[in-house]
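Below: one structure, written as structure tokens.
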Amino acid sequence: MADIFISYSSKDREKAEQLTELLASAGLSVWIDQSNLEVSSSWSKEIVQAINDCKAFVVLLSPASLESHNVIKEVSLASEKRKKILPLDLEPVALTEDFEYQLAGIQRAPMTNIDAILRALGKLGLEATQAPELKIVKETDGRKSLMILPFEDLSPTGDNGWFADGIVSELIAALSNVKALKLADSQATKEFKQYHGQLTTYAREMGIRYFVQGDVRKFGDQIKIGARLLDIDTGDHLWQDSLRGEMKDIFDIQEAVAKKVTEGLNVILTADEKQKLAERGTENAEAYELFLKGNEYFTRNTKEGFQLAAQVWSEAIRLDPAYAQAYSGKANALAAIYRSYNRDPHLLDEGFSLVQEAKRLKPDLTSVNRPLSYILMLQGKWEEAENAAQDFIRSDPQDLYSYFSLGFFYGNTGQHAKSIAAFEEALKLEPDDLPTISNLVIACNNAKEDSKQKQWALAAIPKYEKYLKLFPDDESARVWHAVLLHHAGLDEDARAAGRKLDTVRDEISLFNTACLHCMLKDYSSGIATFRKVIAAGYRNIQTLKSFLEDETEGIGTLKGTPEWEAVREMVDKLEQESAETSNG
């Protein structure tokens, strides 16, 4: 008989089979009930015998398994026979009374952390003989998993990377309207540029089966776009094509590529989906080109980048006064400048006017509610900001950022319990979205929900570790991983990770690193890093001041010391300069 018995609810069958495949690929013998029998007959001699013979009893915990009579009986029998039990969370759950006694004092692990699972089994004498490998990327919810890879810039001048990136972003935006696709977002595509491993490894780690690869040539007004659809399981290209034209043809070319993707995946489009694939924000090719440039500038996440984005989006608006997306984009840029660099209220006033015009021009542009809620919050108009975020959810409940915007609003207005609920809803849409789960942990921390904070932090850590295996140089992810270790109660691990953050340069990552040092009571390092935050140009005065006053995560415990007074004077000077700029 097999060494490992897996107990699970039939509703979690796909995840149980995935774990079975991973363990088997590592050279371990696994028993799993695949008969899917009813409760009345499923407790057969075969199941009892398998539990008797196993060396490790693995139970997959989820809301469904906690309600499963079969799982309850299997866990009880394993406990009675003193089997080594390894509980794995499919998602963080609170144990019911049926499970509390049998699992009391047993460390739980997330099922996503296969390395931790193998280590735990190794301690029981069940050593893996080879690295685990999930050979087939399974579609877990009926949708086809797809990612648009960064397109290569093959232009003679080699300086049209922004155009290639823009084409990819627009293709993602168009295909995101197809409900049969589980599409990786633009951020994932941007991050992939830093990946240097094998595509098959990336596909397995991220659970993606289909990839669109492409290249762009742009010389003056002439463009050529090549694209290929790859099935990573078979290694076959389902189609490949090359389309040529002038800049004025760009919209037709993009629509043709999007249609070829759906045809290659045998996806049948609804009338509404066909219409959305053909939608164009503008018919002005020059304005569209500027819009793409603005997107590239904005994603730099720097003061100069936000300013350049606002400038080119202004020019796009001049060329096409009906270009709603350009109005929304510029509003986003102005709000970003205000929040981190320049507290001039006129920036928010202009941003609000831009958003209102975007809504007038294109009432169905649901994403405009995101900058609208953000701007209203920054203006202190809390009720209106909350309504804008709620409108975003009502108009597009499947958009991750609708719930994220609401959670962000609640978190920044001190309504932490509501922030938790909103981020949990966002996480249901995208369970592996790193910003969502990290913001959820912070919301739990702010709400003093210690148990929930630790639970979600433990769930987040393997997601970050998986990501960092692919992108080890992402400093933001490295900082967040260290912060989450602290929130999970693993302070020694957090200190070890914190000592490796001395190369961080991004101002936001520097600020989070300063917070980490202080959370770990290393105040001298916290102050030194806080100085770097200011030197890097970070100008969110409210956040800087709150850090000085916070006695748990900031340096408020050092009030009155020469070190604290020195940095306070720095922040006071920055606040005065900001006020003078606003009044000037």
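Descriptive notes on the structure:
- Size of charge dipole - the chain - debye, nearest 20, with Cβ of Lys, Arg +1 and Asp, Glu -1, no other charges: 700 debye
- Sulfur and carbon atoms: percent of accessible area, the range 439-565 [1.4 Å]: 50 percent
- Farthest positive-ward along the range 219-331 dipole, Cα basis, beta-carbon charges - from ILE250, SER328, THR234: SER328
- Cβ-based charge dipole, the chain, positive-most Cα from THR561, ALA422, SER578: THR561
- Taking only Cα atoms of the range 338-485, radius of gyration then Dmax in Å: 16.5, 47
- Cα long-axis angle, helix 523-535 against the chain (0 to 90 degrees, to the nearest 10): 40 degrees
- When the listed pairs LYS182/LYS259; LYS15/LYS466; LYS276/LYS330; LYS330/LYS428; LYS73/LYS428 are checked against a 19 Å cut-off, the alpha-carbon distance exceeds it for LYS276/LYS330; LYS330/LYS428; LYS73/LYS428.
- Prolate/oblate/rounded call for the range 101-234, Cα gyration tensor, a/c under 1.5 rounded: prolate
- About the Cα centre, charge dipole magnitude for the range 271-339 (Lys/Arg +1, Asp/Glu -1 at Cβ), debye: 320 debye
- Loop-located trypsin sites (Lys or Arg not before Pro) in the range 271-335 (DSSP state not H, G, I, E or B) with no more than 16 neighbouring Cβ atoms inside 10 Å: ARG280, ARG300.
- Folded to 0 to 90 degrees: helix 303-319 orientation relative to the chain principal axis, Cα: 60 degrees
- Overall form of the range 506-584 per C-alpha gyration tensor (a/c, 1.5; a/b vs b/c): prolate
- Placing unit charges on each Cβ (+1 for Lys and Arg, -1 for Asp and Glu) gives the range 1-132 a dipole about its Cα centre, and among GLN102, SER62, LEU126 the Cα reaching farthest toward its positive end belongs to LEU126.
- The range 204-341, relative contact order [Cα under 8 Å, separation at least 6], %: 14 percent
- Stokes-Einstein D for the range 311-357, Kirkwood Rh over Cα pairs, 4 °C, 1.567 mPa s (µm²/s): 123 µm²/s
- Put LYS45, LYS559 in order of accessible area, highest first, and with a 1.4 Å probe you get LYS45, LYS559.
- Relative contact order, percent, the range 93-192 [alpha-carbon distance under 8 Å, six or more residues apart]: 24 percent
- Shape call, the range 347-419: gyration tensor on alpha carbons, a/c limit 1.5: oblate
- Taking all protein chains into account, the per residue accessible area for the chain stands at 47 Å² (1.4 Å probe).
- Crossing angle, helix 161-175 versus the chain [Cα axis fit, 0-90 degrees, rounded to tens]: 60 degrees
- Taking all Cα pairs closer than 8 Å and separated by 6 or more residues, the relative contact order of the chain comes to 8 percent.
- The calculated 222 nm mean residue ellipticity attributable to helices in the chain amounts to -18000 deg cm²/dmol, summing -39500 (n - 2.57) over DSSP H runs of n ≥ 4 and dividing by all residues.
The values are calculated or read from the model by the stated rules, or taken from the named source; none is laboratory data. Small disclaimer: the values here were computed from a predicted structure and weren't measured. Cβ coordinates were reconstructed from backbone atoms using ideal geometry, including for glycine residues, and neighbour counts include every protein chain displayed. Note: accessible area is taken over every heavy atom of the protein model, side chains too, but ligands, DNA and RNA are not part of it. Shrake-Rupley method; radii C 1.70, N 1.55, O 1.52, S 1.80 Å.
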